[in-house]
Amino acid sequence: MGVTDPAGPVMDRDEVDRALARLGAEHEAIETSLLALQDHAGRRLLEGAELTGTTRERWSAAEASITLLWAYFDAYTAALRTAREIRARRRWSSREDLAELTELLRGESVTVAGSATATANAPALTGPGRLSQSFSLAGLVDRMNELYASSLDMVVAADAVWSALPARIDLLAAELQRTRKLAHSVGVRPGEHPAGDDLERITRTLTRLREEVISDPLAFWVPTQGSSAPGGGRPDTTVYDREARALEDVRREIDAVLTVRQDAEARLIKLRDVLSRADRTLAEARTARGEVLAKIAATEVPVVSGPPTVLQEQLATAAEYRRQAQWHRLSPLLESLEQKAEDELLRARDSLTAVTAPLAVRAELRGRLDAYKAKVARHGLAEDPLLVERYDAARRMLWSAPCDLRVAEEAVLRYQRAAAEQLAAARVPEQGGPRDRRGNGQP
């Protein structure tokens, strides 16, 4: 839509002809724009919709603006037709015709009458709406530009929301229905599983969201800051995006339940195996404890507890869930049991290690004693009386039952010290002989 030139002195014939040509082009552009607005899909939807909230308020003003636009356009058309008629009176317009044309084309010569409702609801250019107003053609075009822009902005925004959100909500609702059917097939139902409750909440939210989008689309429109173009902005998809993410979380939960249904038997077999190994390890620890108490004296041996019956009870419950196809209950129970079974196996192994620690100490002392005996034998000291005496004393202590580890360790240390002294004494002559032979300076 164009803008006419500001008012000026009496126009000559060329100026009048140029102004009429320009006004004719503007008239055609304005008519095209108004017809496009009249045929806009968003406007037709707004006319037939039961609107609420912000959209109802703005559409009421927009309808009044569109009605006023056509009244302004009719007045503009009439003024342009009058100007053309005056110009067509004679080929060479008189001074009086040019003065009249100047007043018509540049002065506030166009009076527009409007209904009280239209002028009250439509946004006023200056001050409150009135039943009639006078405009210059330039002012009238400016006013039409303003009303057209605000009306088109409202229509385009509503149409953009209606074009974007309901279709996406419907697609998400269809996916929701498929997810609900799958959830029911694996026992995920409202009141029995959190994911079932989430599906109910998402269903209610999407139903309410669609109703609100249809009745009040402008409540879901975010204008672009600083944009003056009609329809500058985007649909607000915050609620939709949140529910889409929630549905995706539910789908992952149901996938996990489906995985449980497929792998339940293998996981139950593995659980039984882990718990069986833990039981066998605890039994071995109890047997080892009896052996340690019989063979090792003055030693604190930890008590070995029995296998926890609660795990076996939970394992039986898991097997029952599988038989009854209660996959939504089996899924969290299996995850908990798998962790507890691994922890139980580690506890059993730690118990066995703690119980057999004294036997490991005795074995280490025996190995150390025999290693030193072999060492002194290699140096020809196996028959040394002191070493034989101390070796026999340490060996009696280590191979007796019950064995006092503290006393046995002291005996082994005495043997080690005696062996070290004898080995050191045996090395002294070997080191001194060569020095004596080189004392006369010969090589």
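Length available on full extension from Leu423 to Asp404: 0.36 nm per residue minus the Cα-Cα distance, which gives 4.0 nm. Under a 5 Å amide H cut-off, with hydrogens placed 1.01 Å from N, Met11 pairs with Thr102 among residues at least 5 apart or on other chains. In this structure, the amide hydrogen of Gly233, modeled 1.01 Å from its nitrogen in the peptide plane, lies closer than 5 angstrom to those of Thr224, counting only residues at least 5 positions away or on a different chain. Extending 7 Å from Cα along the Cβ direction at Ser215 and again at Gln177 yields two label points whose distance is 2.3 nm. As a fraction of the 1.4 Å probe accessible area of the stretch 267-320, surface on carbon and sulfur atoms comes out at 56 percent. To the nearest ten degrees, helix 405-437 and the longest principal axis of the Cα atoms of the chain are 80 degrees apart.
Only one item in [x] 37, 25, 20; [y] 32, 29, 20; [z] 106, 36, 15 matches semi-axes √(5λ) of the Cα gyration tensor in Å derived from the coordinates shown, and that item is [z]. Each Lys and Arg contributes +1 and each Asp and Glu -1, all at the Cβ; summed about the Cα centre of the chain, the dipole is approximately 2680 debye. Working note: 222 nm ellipticity from helices only, DSSP H runs with n ≥ 4, each -39,500 (n - 2.57), summed and divided by the residues of the chain, gives -26500 deg cm²/dmol to the nearest 500. For Ile296, the residues 5 or more places off, or on other chains, whose built amide H falls under 5 Å of its own are Cys403.
The values are calculated or read from the model by the stated rules, or taken from the named source; none is laboratory data. Since the model is a prediction, treat every value here as computed from it, not as a measurement. Please note: Cβ atoms are built from the backbone with ideal geometry, for glycine as well, and neighbour counts cover all protein chains shown. Areas reflect the complete protein model, heavy atoms only, side chains present, ligands, DNA and RNA absent. Shrake-Rupley method; radii C 1.70, N 1.55, O 1.52, S 1.80 Å.
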